[in-house]
Amino acid sequence: MSIHRHVLLVPGVILLASCSEYDISEKNEPVPDVTPDIRIDPPAIEFGTLSTGEEETRSFTVINDGDEGLEVTDIAVVAGLSYAISPSSPLDFTLAPGEEQDIDVMFSPLGVENYGTIHVFSNDPDTPEAPVDLLGLGGVPELQITPASHTFDDAFIPCGAELDVEFKNIGNEPLEITAVDYTSGGLLSFDNRGITLPFTLQPGEYVDVGVFFEAVSTGADTGIIEVSSNDPRGVVTADQNGEGAYIEEVTEVFTEPGIPPVDVLWTIDQSCSMADDNRRDIRDGVPGFLTELTAVADFHLIQVTKDTGCANGGVIDNNTANAEQLLIDNAFNAGIFEQFTTEQLLKQVDVSLGKTGPGDCNEGFLRPGALLHVIVASDEEDQSPQDHVHWISRYENYITDPNLLKISAVVDVTRSCGDNTGPGEYLDAAQATGGVVLDICSPDWGQQMTDIASEVLAGIRSYNLSNPTEESTVTVTVNGTETTDFNYSGAGNTVTINSPPVGEGDVVEVTYHPAAECN
């Protein structure tokens, strides 16, 4: 940089001047910031140890260390139900630089360790929310419910799950529980496991109760336990959640072979009043009866003539080679000391059904889902000790659906033979179940026994599913058309179609959600 000096001649004054390549300017000093600056003293408050219902008040001070007014817009307890700002303390105010304001905080314990936080909201640009930490101890009972919240894993219908719930006194004073209430939508239930109210838990003691989730239907449910005690918090709650679901959908297809299963129990009056012509007609009717029965049904048949209720010759089916001869030879084979129930055929049927269990003489006769077809043959009225309604209800214990019971009667309809007592309860039983009635007094009535073998099977079709389910999940179609006129029985996982009639070659589809296998 070069500097040039010039001499200016001014009368009486000598001036020296210089010129420079740079301008010379005045330098500005920075202006200091003027802001409010909040300070809390003390920044944390520790209260003493108080018992239930006691209260203690302590203070903190809000100070403005700044150069401009501090505007406090709110003071709030943001955590800790045991704490409150005293009503005498202001919640919004302005502090000039250097000014301060005391704030009173009230504490009443709700537990053993009571943490809390207060925020002071202001226009301090650096600390718009100034925290005050709080801690107070309580000499109180305190109920802890474990788990406080629980969600059951996916439960497949109809399986359930059980949860242990612990009530524990984590306080330092005795806890008296006076009431335990439970609410739910019905899938969840509470088990107090024998606890008698009220009961007391000493510090550190606990007791277990139970919650059971019964997944009997789809949909979710929430249960809430509400426990009332001397815990200063009041009612303490815990919730449980569960949702029932079905496993995958299954479709089973049945092509109707035209020979539905039927279990035939045929019992015959052995008394002396049964005339020779009646006995002949029964024997003569056997061949046609068996021929027709074989054509229309997959059958099991037992012939019962003795008080024991045991079948003559065991269980006869489609594959029994000498079935015809067995039935003819044994139709009237009871000895004089084996006929005490021979005029009580409805009772004799019940005795016989009662011996179909494992190890009994008629084991293997009954099949789940098969039509039970009872045939009674007598020229006198029934002398069983109960009416037909009683015996029908007894028989229904052995079938999977009431629609699968038929009682046919070969009886004295016209009161023209035998002892003229008429059909009595036999006729009533047949009419109540939709069975066939033949008149034993009509000549050659045995030729009509084919009616019994065929007519009562029309339209009755039952299908055993591979898995148990609930009827609400079952959808049935016949040749692609849905029908709702069916019954489901869980006893044999059986779907019985009432309508439309299902004939040979028809295709039945049953779609359902299988019930899960529960451990």
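Under 20 Å from a label point set 7 Å out along the Cα-to-Cβ vector of ALA76, the amide N atoms of segment 113-130 belong to 115-130. If you take the Cα centroid of segment 498-518 and the Cα centroid of segment 209-250, the two points sit 36 Å apart.
With the contact rule set at Cα under 8 Å and sequence spacing of 6 or more, what percent relative contact order holds for segment 38-139? Over segment 38-139, the number comes to 37 percent. Under a 5 Å amide H cut-off, with hydrogens placed 1.01 Å from N, VAL165 pairs with VAL209, GLY210, VAL211 among residues at least 5 apart or on other chains. Look at the dipole of the chain built from charges on Cβ: of PHE60, GLN325, PRO402, the Cα furthest out on the positive end belongs to GLN325. In terms of the mean number of neighbouring beta-carbon atoms within 10 Å, the peptides 301-309, 232-240, 501-509 order highest first as 301-309, 232-240, 501-509. Lysine pair count for the chain (Cα-Cα distance under 18 Å; residues 8 or more apart in sequence or on different chains): 4. Using 0.36 nm per residue and subtracting the Cα-Cα separation, the extra length available between GLN383 and VAL207 on full extension is 57.1 nm.
Taking 13 Å as the cut-off, the amide N atoms of segment 199-228 that come nearer than this to a point 7 Å along the Cα-to-beta-carbon line of ASN241 belong to 220-224.
Computed extension gain for GLU99 through ASP444, at 0.36 nm per residue and net of the alpha carbon distance, reaches 111.7 nm. Here ARG233 and THR49 are evaluated by their C-beta separation; at R0 = 25 Å the FRET efficiency comes out at 0.90. Inter-label distance, ASP133 to GLU517: 5.8 nm, where each label sits 7 Å from its Cα along the C-beta direction.
Please give the residues of segment 403-443, grouped as numeric ranges, whose backbone N is less than 12 Å from a label point set 7 Å along the Cα-to-Cβ vector of ARG280. Under 12 Å, as judged by backbone N against the label point of ARG280, lie 443 of segment 403-443. 3J(HN,Hα) couplings calculated from phi for segment 502-514 with the Karplus curve 6.51 cos²θ - 1.76 cosθ + 1.60 (θ = phi - 60°) are, in sequence order, 10, x, 4, x, 5, 10, 10, 10, 10, 10, 7, 9, x Hz; Gly and Pro show x. With both bridge residues required to lie in the chain, what share of the DSSP beta bridges run antiparallel, to the nearest 5%? Antiparallel: roughly 75 percent of the beta bridges in the chain.
Between VAL253 and THR151, the simple label model (points 7 Å from Cα in the Cβ direction) yields a spacing of 4.0 nm. For the pair ARG39 and ARG58 in one chain, pulling the backbone fully straight at 0.36 nm per residue adds 5.1 nm over the alpha carbon distance. The DSSP beta bridges internal to segment 38-139 are antiparallel in roughly 85% of cases. When log10 I(q)/I(0) by the Debye sum over Cα atoms at q = 0.07, 0.11 Å⁻¹ is computed from the coordinates, the matching label among (1) -0.67, -1.00; (2) -0.43, -1.00; (3) -0.39, -0.99 is (1). Computing FRET efficiency as 1/(1 + (r/R0)^6) for ASP126 and THR200, where r is the C-beta to C-beta distance and R0 is 45 Å, gives about 0.30. Residues of the chain were split at every exposed loop site, defined as chymotrypsin sites (Phe, Trp or Tyr not before Pro) in a DSSP loop with at most 13 other C-beta atoms within 10 angstrom, and the longest piece left, sites excluded, is 23-339.
Amide H contacts of GLU99 (H built 1.01 Å from N, in plane; Pro and chain starts excluded): ASN64 sit under 5 Å, all sequence-distant by 5 or more or on other chains.
Only the coordinates and a few stated rules stand behind these numbers; no lab work does. As the structure is a computational prediction, the values presented were derived from the model and not from experiment. No Cβ is skipped: glycine too gets one built from the backbone with ideal geometry, and neighbour counts run over all protein chains shown.
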